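Q: Structure in structure tokens, see below.
The values are calculated or read from the model by the stated rules, or taken from the named source; none is laboratory data. Owing to the predicted nature of the structure, the values given are computational and were not obtained by experimental measurement. Here the Cβ positions follow ideal geometry from the backbone for every residue, glycine too, while neighbour counts run over all protein chains shown. Side chains are part of the model used for accessible areas, which takes the heavy atoms of the whole protein and leaves out ligands, DNA and RNA. Shrake-Rupley method; radii C 1.70, N 1.55, O 1.52, S 1.80 Å.
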Amino acid sequence: MLLTEIRRNQKLAAKRNPMYDRNRFAKFLIYLFTAFWAAYLILIGVTLPIAFEEGFPTMEPYDMLNACLPGFLFIDFLLRFLFPTPVQQIKPYLLLPIKKQQLINVLLVQVGLKAFNLFWLFFFVPFAAMTVVRFYGVTGVVCYALGIWLLMVANAYWSVLVRTLQRRHIVWVLLPVGCYVLLAVGGFFYSYVSDFSMALGEALIQGRILAYLGILVVIALLAFLNSRVQIACIYSELNRREKMPQVKHAGRYRFLNHFGLTGEYMKLELKMIFRNKAPRKNFQMMSIVIVLFALALFGMSHTEEATWFTLYLYSIYCFTGYAISILSRIMAYEGAYLDGLMMRRDSLLHLFRAKYYVYCLLLLIPLVCLLPSVIWSNCSVSMLVSQLVYTAGVTFPVIMLLALVNRKTAPLDASLMGKGQWNSPFQMLAVAFAFFVPMALCRILLLWMEPSTAYLVCTLLGVPGIVLHPLWCKLLYQKVFQKRHSLMEDLRETR
């Protein structure tokens, strides 16, 4: 069977990767991280019915959740931009005597059978077990879970269609934007969207065949459209070349000339982020995530029910976003041109300082995004300042230590989830450190002191890292320079 053969080839390709031995532990950490988010969704699914019952006593909790189904589908739609499209996976099979239409169909079947389509059930099944089972029993929970899975499959095909068209021409971005703007207008100013979503959710709970048939028809229609579009785009995608940006302003970033050689490397870092596909896509996606989290924080900080955990969690995500998405690949992106960097003895030292300065400057973006939560809401100024200083003084130095262990070159033109995005198990540990240690530390401090004092301690922990950055940058450079021969060998082998 072609589906089985393609799946077997994909597993063999992963095993033949030169980084397979290191990636096995990284996969374990990915599974552990996934298990954490699954547990987090289960916790929300169990506790959210209580909040709905207290906030909306005249309505059933599952009706309120069903009214929010378009929002869940929108979040799921955004997350799927991290995955490759079937056209990007078909290239190795084009020389085989297999019909291209058959290959596309098999790859589309894989899209529908992805395990990610089941991930949201970690939230919906516990929620249904707390609310639906009282009225419709276990059968209602099973029917509801089946309906949610079908909706996620339809959303997967919708996402693949949009991503393929968007890669063909940027104008196709207007298609999803227009659809979601209409849904937002219909949801906020009229009740059409919420009423339809509530009716659909209740029909799924009751196991009405027409509701399932309607979703299946949508899935079949989207699958057919995907099949036609993928075939039409297959050669244009494979022969696609990124348009090289024309350098019209040779004196761009001229203000960095005052910083000497370090300023030149700051220019190099900025050009790497904004001119190359992989870092640019990471920067764009993380900017969108930061804005969304800032908006969510602004909305939650207006409510009295918002917990300290939620507010602090969202602020951490905003400040550490660029570090975990781009800076964690330190020396991986540079592996493509490391030979040039090694021509001067102190080049890496200036590079490390430039990276630190650039990402400290990028902290201004989440700070500006979070200012409305400080000015017009009850979000604490000391909390944001402490997190900013802690990120610059503790999180950045820890993530930059990955320069000692990142030994796999990450291509500058890969997609978000393409080759070389995860470099080593230590990269996963650094990301986990950036996410969880600040929260755990502040939580422990709050057990013995007032919030303002705890935030002050977090701020003081970050000050030495900022003041002493010339010293630890030099120590990092010396350690990397001692390992330069093995580092260059590993990076060359994985180009």
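Q: So which helices (runs of 4 or more DSSP H) are wholly in the stretch 397-482 and hold at least 1 residues that are over 29 Å from the mean Cα position of the chain (by Cα), under 22 Å from Y333 (Cβ atoms) and at pLDDT 80 or above?
A: 469-482
Q: Condition first: touching a residue at least 24 places away in the same chain (Cβ under 8 Å), open to solvent by 40 Å² or more (accessible area, probe 1.4 Å) and either touching a Leu at 6+ places or on another chain (Cβ under 9 Å) or over 16 Å from R80 (Cβ atoms) (or both). Now tell me which residues in the stretch 157-183 satisfy that.
A: Result: W158, R168, L183.
Q: Just to be sure before I move on: is L204 touching a residue at least 60 places away in the same chain (Cβ under 8 Å) and touching a Phe, Trp or Tyr at 6+ places or on another chain (Cβ under 6 Å) in the structure I sent?
A: yes
Q: Mind telling me which of the residues V181, V193, V171 ends up being within 30 Å of T131 (Cα to Cα), modelled with pLDDT under 85, in a helix (DSSP H, G or I) and more than 22 Å from the chain's Cα centre (by Cα)?
A: V193
Q: Within the set of pairs 6 or more residues apart or between chains, which connect a residue that is within 24 Å of C179 (Cβ to Cβ) inside the stretch 59-72 to a residue that is part of a loop (DSSP other than H, G, I, E, B) and at pLDDT below 85 with Cβ atoms less than 6 Å apart?
A: Pairs found: M64/F56.
Q: For the stretch 330-345, give me each residue that is open to solvent by 20 Å² or more (accessible area, probe 1.4 Å) and touching a helix residue (DSSP H, G or I) at 6+ places or on another chain (Cβ under 9 Å).
A: Listed by number, the residues that qualify are A336, D339, G340, M342, R344, R345.
Q: What single numbered condition from (1) modelled with pLDDT of 85 or more; (2) under 19 Å from I215 (Cα atoms); (3) open to solvent by less than 40 Å² (accessible area, probe 1.4 Å) fails to hold for Q110?
A: (1) is the only condition that Q110 fails.
Q: Only one of L371, L348, L362, L327 is open to solvent by 10 Å² or more (accessible area, probe 1.4 Å) and either of a type in the set (F, W, Y) or modelled with pLDDT under 90 (or both). Can you tell me which?
A: Going through L371, L348, L362, L327 in turn, just one is open to solvent by 10 Å² or more (accessible area, probe 1.4 Å) and either of a type in the set (F, W, Y) or modelled with pLDDT under 90 (or both): L371.
Q: May I ask you to list the residues in the stretch 312-359 that are among the aromatic types (F, W, Y) and within 17 Å of E269 (Cβ to Cβ)?
A: Within the stretch 312-359, Y322, Y333, Y337, F352, Y356, Y357, Y359 meet the criteria.
Q: Determine which member of the set F119, F123 is among the hydrophobic types (A, V, I, L, M, F, W, C) and touching a Gly at 6+ places or on another chain (Cβ under 7 Å).
A: Step by step, each of F119, F123 is checked, and only F123 is among the hydrophobic types (A, V, I, L, M, F, W, C) and touching a Gly at 6+ places or on another chain (Cβ under 7 Å).
Q: Do we have any residue at all in the stretch 257-264 that's assigned to a loop (DSSP other than H, G, I, E, B), open to solvent by 50 Å² or more (accessible area, probe 1.4 Å) and modelled with pLDDT under 80?
A: Checked against the condition, which is being assigned to a loop (DSSP other than H, G, I, E, B), open to solvent by 50 Å² or more (accessible area, probe 1.4 Å) and modelled with pLDDT under 80, the stretch 257-264 yields no hits at all.
Q: Right, here's the next one. Given the structure, is F122 at pLDDT 90 or above and open to solvent by 40 Å² or more (accessible area, probe 1.4 Å)?
A: So F122 passes the test.
Q: So for the stretch 161-175 (the condition being closer than 30 Å to P61 by Cα and among the aliphatic types (A, V, I, L, M)), does at least one residue qualify?
A: Taking every residue of the stretch 161-175 in turn, none turns out to be closer than 30 Å to P61 by Cα and among the aliphatic types (A, V, I, L, M).
Q: When only residues in the stretch 136-146 that are open to solvent by 30 Å² or more (accessible area, probe 1.4 Å) and free of Cβ contacts under 8 Å to residues at least 12 places away in the same chain count, which is nearest to the chain's Cα centre (by Cα)?
A: Within the stretch 136-146, the match that is nearest to the chain's Cα centre (by Cα) is V142.
Q: Report every pair of residues separated by at least 6 positions or lying on different chains whose Cβ atoms are under 6 Å apart, first residue within the stretch 319-348 and part of a helix (DSSP H, G or I), second open to solvent by 10 Å² or more (accessible area, probe 1.4 Å) and not hydrophobic (A, V, I, L, M, F, W, C).
A: These pairs meet every condition: S325/N282; L348/Y477.
Q: Just to be sure before I move on: is L96 open to solvent by 30 Å² or more (accessible area, probe 1.4 Å) and modelled with pLDDT of 80 or more in the structure I sent?
A: No, not satisfied.
Q: Counting only residues that are polar (S, T, N, Q) and in a helix (DSSP H, G or I), which one in the stretch 33-75 is surrounded by the most Cβ atoms within 10 Å (Cβ to Cβ)?
A: The residue in question is N66.
Q: Quick check on this structure: which one of A115, A67, A156 is of a type in the set (A, V, I, L, M), modelled with pLDDT of 90 or more and either more than 23 Å from R228 (Cβ to Cβ) or under 20 Å from the mean Cα position of the chain (by Cα) (or both)?
A: After ruling out the rest, the residue left standing is A156.
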